[in-house]
Structures are given as C-alpha cells and as structure tokens.
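Here's the structure we're looking at; comments come further down.
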Amino acid sequence: MSQVAGSSSFDLNVYPNPAVGSTTVEVLSSNNEEMAIEVYDLEGRILIQKNMMAIEGLNQVDLDVSTLKPGIYTIKAGSALDTKLVKLIVQ
C-alpha cells in the first residue's frame, strides 16, 4: 500500500462486509481520476477487476461476489496518486 506523503486522493469503504452475493465499493474522491478496483484472494490472484472514472465526490461500484467461495479477500482500489486496501469477507 502506498500513499503520497501528506496527500490522500480518496477514501474507501466497502459494504456490506461480510458480503453475500454482492458488495458495494464506495470511493469518496477529492478529484476526478481514473481508478482500478481489484479483488484478490489470499494467494494474490486477481479474481475481479473493474476500471472506473471517479469524479470528485462520492462514487459507487457494485461488485458481484456470488461466484467467490466463502472466505477472506482483499479489495484494492488504486489511482495514479494513491492506493488503498480493504479486507472483504464473503459468506
């Protein structure tokens, strides 16, 4: 996980967590920026990948996690300025 010192271009929230079937990734962005949303398993494999153009303010992306086995996953959201990680539990 990396950040530009003293600067965070977005905040990340995931709900519901634990998830059943689907979850929503909420990005509160301080500017317009391209972002990649990725879901990783515990072995580091990318299982879901979505690209989005975040606008300044609140952005939401729905993820279908119905094909994922119950377990713990990592959601990574990244832009050119910042990267954030959140743990996701799928039931």
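Residues that are farther than 19 Å from Ile89 by Cβ and without any contact (Cβ under 8 Å) to a residue 12 or more places away in the chain within region 5-56 comprise Ala5, Gly6, listed in sequence order. The set of residues in region 38-88 that are farther than 19 Å from Leu28 by Cβ, within 13 Å of the chain's Cα centre (by Cα) and among the hydroxyl-bearing types (Ser, Thr, Tyr) comprises Tyr40, Tyr73, Thr74. For Thr67, are the conditions met, namely being of a type in the set (Ser, Thr, Tyr), part of a loop (DSSP other than H, G, I, E, B) and free of Cβ contacts under 8 Å to residues at least 60 places away in the same chain? Judged against the criteria, Thr67 is a match.
So which residues in region 40-64 are closer than 18 Å to Ala19 by Cβ and in a strand (DSSP E or B)? Working first, answer last.
At the first step, the residues of region 40-64 found to be closer than 18 Å to Ala19 by Cβ are 40-42, 46-50, 60-64.
Selection gives Tyr40, Ile46, Leu47, Ile48, Gln49, Lys50, Gln60, Val61, Asp62, Leu63, Asp64.
Restricting attention to region 7-64, the residues being under 17 Å from Asp82 (Cα atoms), surrounded by fewer than 12 Cβ atoms within 10 Å (Cβ to Cβ) and of a type outside the set (S, T, N, Q) number 3.
Can you spot a residue in region 72-81 that is surrounded by fewer than 14 Cβ atoms within 10 Å (Cβ to Cβ) and of a type in the set (Ser, Thr, Tyr)? Walk me through how you get there before you give the answer.
Going through region 72-81, the residues surrounded by fewer than 14 Cβ atoms within 10 Å (Cβ to Cβ) turn out to be 72, 80.
Checking the rest, the ones that are also of a type in the set (Ser, Thr, Tyr) come to none.
No: region 72-81 contains no residue that is surrounded by fewer than 14 Cβ atoms within 10 Å (Cβ to Cβ) and of a type in the set (Ser, Thr, Tyr).
All of the numbers you see were taken from the coordinates with simple rules; none came from a lab. Nothing here was measured: the structure is a model prediction, and the numbers come from that model. For neighbour counting, all protein chains shown are included, and Cβ atoms are generated from backbone atoms with ideal geometry for every residue, glycine included.
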